[in-house]
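What follows is a short report on a single structure.
The values are calculated or read from the model by the stated rules, or taken from the named source; none is laboratory data. Owing to the predicted nature of the structure, the values given are computational and were not obtained by experimental measurement. Heads up, the Cβs are rebuilt from the backbone with ideal geometry, glycines too, and the neighbour counts pull from every protein chain shown. Protein only, heavy atoms only, side chains kept; ligands, DNA and RNA dropped before computing areas. Shrake-Rupley method; radii C 1.70, N 1.55, O 1.52, S 1.80 Å.
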Amino acid sequence: MDSLVVSNIRQRPLRSAISVLGVALGVALVMLFTGLARGMSDDLQRRSSNVRAEIIFTRPGSSQTTSTSANLSTKYVERLLQIEGVEAAVPVIRHFYASGSFGVDQVEGVDWDSFAKMNNIRLMQGTAPRAADEIVIDETKASRNHPVGSTVKVFGDKPYRVVGIYAPESGARAKLSLAAMQDALEAPGKCSYIFIKCKNPSEQIAVAKRINEQLPGNKVQFTREFFPSVEASIPGLTIFMRVLVILAAIVSALVVMLAMHTTITERTREIGILKAMGASRTYIISEIEREALLISALGLVVGFVLAALAGFAIHKMTGLIFEFGGWWALVAALIGLGGGALGALYPAARAANLDPVNALAYE
């Protein structure tokens with residue numbers, strides 16, 4: 001029976017190849033989208049965990065991770081340092097900009113010395129950004145062909161010279177001096193938010209309460225709440241993933257159903273011969289299901305390979321990070337195999353119910 005299944009596939013290579021690619025498309029889509037969401041979420045959490053400040057001070061209504069506004073006066077730094085329990089206060093400007101042909105990247109403007117001291121960041125190569133056209137980047141961004149001395153483009157096509165590479169990664173991968181960012185955004189004396197380091201981290205709740213009391217009308221929140229995961233910051237993402245999985249399963253099932261339906265039409269006489277020789281309905285159904293499962297298995301392998309190659313290429317071109325998880329790989333496998341098996345049920349049942357006499361007379 002197995003040799004018969006393989007022979008049927010080899011006899012019609014173009015149809016089989018198209019069916020395999022159809023299943024592979026559904027599998028690859030699931031792996032790419034879930035890998036991108038997982039990679040972005042883990043990368044954001046990893047960089048956020050290296051921010052050592054316990055409290056973030058900003059203006060009401062500021063978006064958590066997508067704000068590009070610089071509407072908070074840096075004069076608050078002096079007032080914050082006077083509050084009991086505050087050890088350091090560092091102003092930061094965060095700006096998002098278009099990166100490459102598609103995608104969005106971000107850059108931060110910081111006072112390097114105070115920012116590095118607060119977050120235990122060190123320069124691995126080069127120097128801190130001082131001039132208006134100087135920038136430092138983390139090791140991940142530097143690995144994408146951006147060594148010290150090269151240039152990166154921010155604010156559209158404006159080039160900045162890489163003067164240093166830092167570690168560990170923290171916040172945005174690229175950082176200008178605060179003054180350079182203020183000049184570029186035409187926001188002198190402004191920042192997006194202020195990182196606050198407490199003298200005693202265990203007293204951060206009490207410190208936050210004092211800040212609210214002495215500087216009312218502003219927004220005070222804890223760092224652990226400021227940098228949510230990608231799933232948390234985009235509420236509809238989970239629903240989108242589920243819809244994607246359902247659509248992938250439907251695509252796989254329809255592709256296999258169409259392939260098996262065409263196969264049965266082409267092999268009507270062959271099925272009639274099998275039934276005339278005494279083949280049972282179970283035998284015919286199992287033979288067609290085995291062929292569908294083999295096609296789905298091949299599509300599954302091709303889909304995983306396509307997803308890996310596409311993820312690698314997109315990462316090289318855009319810097320987006322993909323992390324393929326074992327759970328979603330299992331889901332993709334169930335989609336490919338389950339969709340194929342379900343898609344073949346109707347054609348298999350139709351073939352098993354063919355009348356042998358009519359099937360033998362089919363031209």
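Each residue in region 118-137 was checked for being among the hydrophobic types (A, V, I, L, M, F, W, C) and surrounded by fewer than 20 Cβ atoms within 10 Å (Cβ to Cβ), and 5 of them qualify.
When Thr140 is tested against (1) surrounded by 14 or more Cβ atoms within 10 Å (Cβ to Cβ); (2) in a strand (DSSP E or B), exactly one condition is not met: (2).
The set of residues in region 109-137 that are outside any loop (DSSP other than H, G, I, E, B), small (Gly, Ala, Ser) and touching a residue at least 40 places away in the same chain (Cβ under 8 Å) comprises Gly109, Ala116. Among the residues of region 47-59, are any in a loop (DSSP other than H, G, I, E, B), modelled with pLDDT under 80, closer than 30 Å to Pro188 by Cα and not aromatic (Phe, Trp, Tyr)? Checking region 47-59: at least one residue is in a loop (DSSP other than H, G, I, E, B), modelled with pLDDT under 80, closer than 30 Å to Pro188 by Cα and not aromatic (Phe, Trp, Tyr). Yes or no: Ala348 farther than 20 Å from Ile246 by Cβ, at pLDDT below 75 and out of contact with any helix residue (DSSP H, G or I) (no Cβ under 6 Å at 6 or more places or on another chain)? No, not satisfied.
Among the residues of region 271-324, the ones that are modelled with pLDDT of 80 or more, within 26 Å of the chain's Cα centre (by Cα) and open to solvent by 60 Å² or more (accessible area, probe 1.4 Å) come to 8 in all.
Looking at region 2-25, is at least one residue within 30 Å of Gly171 (Cβ to Cβ), out of contact with any Phe, Trp or Tyr (no Cβ under 7 Å at 6 or more places or on another chain) and modelled with pLDDT of 75 or more?
For region 2-25, residues within 30 Å of Gly171 (Cβ to Cβ), out of contact with any Phe, Trp or Tyr (no Cβ under 7 Å at 6 or more places or on another chain) and modelled with pLDDT of 75 or more: absent.
Beta carbons closer than 6 Å, at least 6 apart along the sequence or on distinct chains, pair a first residue in region 175-190 that is in contact (Cβ under 8 Å) with a residue 24 or more places away in the chain and under 25 Å from Glu139 (Cβ atoms) with a second that is open to solvent by 50 Å² or more (accessible area, probe 1.4 Å) and of a type in the set (D, E, K, R) for Leu178/Asp111. You will find that of Gly164, Gly149, Gly217, Gly189, the residue that is in contact with a Ser or Thr (Cβ under 6 Å, 6 or more places away or on another chain) and open to solvent by 20 Å² or more (accessible area, probe 1.4 Å) is Gly189 and no other.
Gln106: in a strand (DSSP E or B), under 22 Å from the mean Cα position of the chain (by Cα) and in contact (Cβ under 8 Å) with a residue 24 or more places away in the chain, yes or no?
When the stated conditions are applied, Gln106 passes them.
Could you list all residues from region 284-296 that are touching a Leu at 6+ places or on another chain (Cβ under 7 Å) and of a type in the set (Gly, Ala, Ser)? Don't jump to the end; show me each part of the working.
Our first condition is that a residue be touching a Leu at 6+ places or on another chain (Cβ under 7 Å); within region 284-296, this holds for 284, 287, 293, 296.
Listed by number, the list holds a single entry, Ser296.
Residue count for region 197-236 under the criterion of being in contact with a helix residue (DSSP H, G or I) (Cβ under 6 Å, 6 or more places away or on another chain) and modelled with pLDDT of 85 or more: the result is 3.
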